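The structure appears right after this line, and notes come after that.
Please treat every number below as a calculation from the coordinates, not as lab data. As the structure is a prediction and not an experimental result, all values here were calculated from the model. When we count neighbours, we look across all protein chains shown, and the Cβ atoms used for this are built from the backbone with ideal geometry, even at glycine.
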Amino acid sequence: MKKSISNVFEMTFQAESVNEGFARVCVSAFCLQLNPTLDEISDIKTAVSEAVTNCVVHAYPNRKGMIKLRCEILGNDIKIEISDEGVGITDIEKAREPFFTTKPADERSGMGFAVMEGFMDKVEVLHGENGKGIKVIMTKAISSNCAVLVGE
């Protein structure tokens, strides 16, 4: 059975490293309505940091670009989509392998997707719309049964 959306937000921001912390705070504040544990908040913030950092580092090597962030509350789940319209990833499966990096000279660890997968229940990596960029979709079930009822 598909869960209905009980709350949603979207925002777009420039692919600059200073905005990584902003994205973390926005997502963590939004999911507070589910009454998550501190560990769940920490997991979500870490996964968001990795996804946004991937966009900042890889999506727009020769120009400025934007990152789109969308969060949905689906029952007791948080669904987070982070996307860009940058250069994309040629081989998504290869990019998801631990320690794979396209920027070894920049001392990148190649662990971004592995970190996201370790902290979230599900991570999907898709080619962006119209063949531009990448969309990362992450979901996590929040264990609390004390979710705030939105709209009531």
Sort 9-19, 31-41, 47-57 by packing, meaning the average of other beta carbons within 10 Å per residue, with the highest value first. 47-57, 31-41, 9-19
Fully extended contour minus Cα-Cα distance, from V18 to D121, at 0.36 nm per residue: 34.4 nm
